[in-house]
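Encoded as structure tokens, the structure appears first; notes follow it.
Every read-out reported here was derived from the displayed coordinates using simple, explicitly stated rules and does not represent laboratory data. Bear in mind that the values here come from a model prediction, so they are computed numbers and not experimental data. Cβ coordinates were reconstructed from backbone atoms using ideal geometry, including for glycine residues, and neighbour counts include every protein chain displayed.
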Amino acid sequence: GAGVSQTPSNKVTEKGKYVELRCDPISGHTALYWYRQSLGQGPEFLIYFQGTGAADDSGLPNDRFFAVRPEGSVSTLKIQRTERGDSAVYLCASSPRGLTPYNEQFFGPGTRLTVL
Amino acid sequence: GQQLNQSPQSMFIQEGEDVSMNCTSSSIFNTWLWYKQDPGEGPVLLIALYKAGELTSNGRLTAQFGITRKDSFLNISASIPSDVGIYFCAGQTSGNTGKLIFGQGTTLQVKP
């Protein structure tokens, strides 16, 4: 079946602009995660959704970052007033369930964001 | 915050050799996962470990969940060129979020 998909695959924007990144999880997966991966580093957790609600947003770096999942499926990560330091690969992952254990997360290919 | 120390940072080996990499943590995890990431792709799950002491294999890959629950290792036997990539360990603590804490990655290069 289809895996996690993310669009766009690449996004180049100018400092100060607003961007939206989209994630389509695996059908039927209730848990959805966003991670950010800087060059040469492992992914870092941003936010977790269980259904429509953000159950854990402790990884969002500041209030310029916001994410929604209004119908419990597709999610959008929104970044306001982008800064050059926001440049990274933004990864989305989904899981059949959010509770540990047996929380195997499946990742999408990521969106590479470049802020000029 | 929680940190995972993954080593070695990189490896350059001959095809056919065995490979070993490990992760250690200052905190206890109740799940360990190992992922492989190719350039331009997201991480792909290789092995998941759920119990302290558990030893699990997936083809030429073997991983173990340390008894102290603060470490895990991954072995790859008889490496082949397609094993090239970046390998990440990731841990989960107990609780309801399931968020993963990742190591810094081990870059593996295989010489044919």
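Values computed for the structure shown
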{"item": "Electrostatic dipole magnitude of the protein assembly as shown [Cβ: Lys, Arg +1; Asp, Glu -1; Cα centre; debye, to 20]", "result": "420"}
{"item": "FRET E, pair B:Glu17, B:Lys51, Förster distance 25 Å, beta-carbon r, rounded to 0.05", "result": "0.25"}
{"item": "Cβ-based net charge around B:Ile47, under 12 Å, with every Lys or Arg adding one and every Asp or Glu removing one", "result": "0"}
{"item": "Anchor B:Lys36: aspartates and glutamates whose Cα lies under 13 Å away (excluding residues fewer than 8 positions away in-chain)", "result": "B:Asp83"}
{"item": "Label-point gap, in nm, between A:Glu71 and A:Ser9 - each point 7 angstrom along Cα→Cβ", "result": "2.6"}
{"item": "Relative contact order of chain B, defined on C-alpha pairs under 8 angstrom at six or more residues apart (%)", "result": "36"}
{"item": "Relative contact order %, chain A, counting alpha carbon pairs below 8 Å whose residues are six or more apart", "result": "36"}
{"item": "Per-peptide average of other Cβ atoms within 10 Å, ordering A:58-66, B:66-74 highest first", "result": "B:66-74, A:58-66"}
{"item": "Set of lysines near A:Lys15 by C-alpha distance (under 27 Å), chain-local residues within fewer than 8 positions excluded", "result": "A:Lys78"}
{"item": "Positive-end residue, chain B charge dipole about Cα centroid, Cβ charges, pick of B:Tyr50, B:Leu74, B:Val110", "result": "B:Tyr50"}
{"item": "Inter-label distance, nm, simple model (7 Å from Cα along the C-beta direction), A:Arg64/A:Glu104", "result": "3.8"}
{"item": "Size of charge dipole - chain B - debye, nearest 20, with Cβ of Lys, Arg +1 and Asp, Glu -1, no other charges", "result": "360"}
{"item": "Residue order, fewest to most beta carbons within 10 Å, for B:Ile76, B:Ile47", "result": "B:Ile47, B:Ile76"}
{"item": "Rotationally averaged projected area of the range A:6-116 (alpha carbon convex hull; nm²)", "result": "6.4"}
{"item": "Relative exposure of A:Val19, B:Val44, A:Val4, judged by other C-beta atoms within 10 Å (fewest first)", "result": "B:Val44, A:Val19, A:Val4"}
